[in-house]
Amino acid sequence: MGSLQRFDGHQDHPLTRLRHELDRSFQRFFNEPLFSGEGFGGRTFLPALNVEEEADRYVIQAEMPGMEPDDIDIEVQGNTLTIRGERREERREESRYHLMESRYGTFQRSFTLPENADVEGITADSKNGVLYVYVPKDKSREPRKIRINRSKP
């Protein structure tokens, strides 16, 4: 006996069939070992990031649930900022997982900083599983307007 399917009057429309086939193709593609982490010896973790520009600084937010500041390294070399670390899995011998969607492992994210970044003034905070990296702007490196003088004939 077949499984129950939702009735959709548009199910036989060519675009609907194309969308379903694309969905299945993407699902197969992202279930390949490279994307599931199996190709790296385990499930991989890659923190979600937001990069925001404010008037006087850039703010990088990285979601790192369950990670302590000691698990994260932030480094600046030249104009490249690198955030790396490892999210470790805590397994209990007496437990058995029925579903596991959490990702674990080492990660590294690098950013090329803009020319007006003050690399000496970079700071970082961690709050509620989110890492905040603050990159102040160097006001002396901001563009300046050049006044055009009127020539006298």
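Read-outs: derived from the displayed coordinates by stated rules, not from any lab. Not measured: the values here are computed from a predicted model. All Cβ positions, glycine included, derive from the backbone under ideal geometry; neighbour counts span all protein chains shown.
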Packing rank of 87-98, 65-76, 131-142, where each peptide gets the mean count of other beta carbons within 10 Å, highest leading: 131-142, 65-76, 87-98
log10 of Debye I(q)/I(0), alpha-carbon scatterers only, for segment 51-95 at 0.17, 0.23 Å⁻¹: -0.67, -0.97
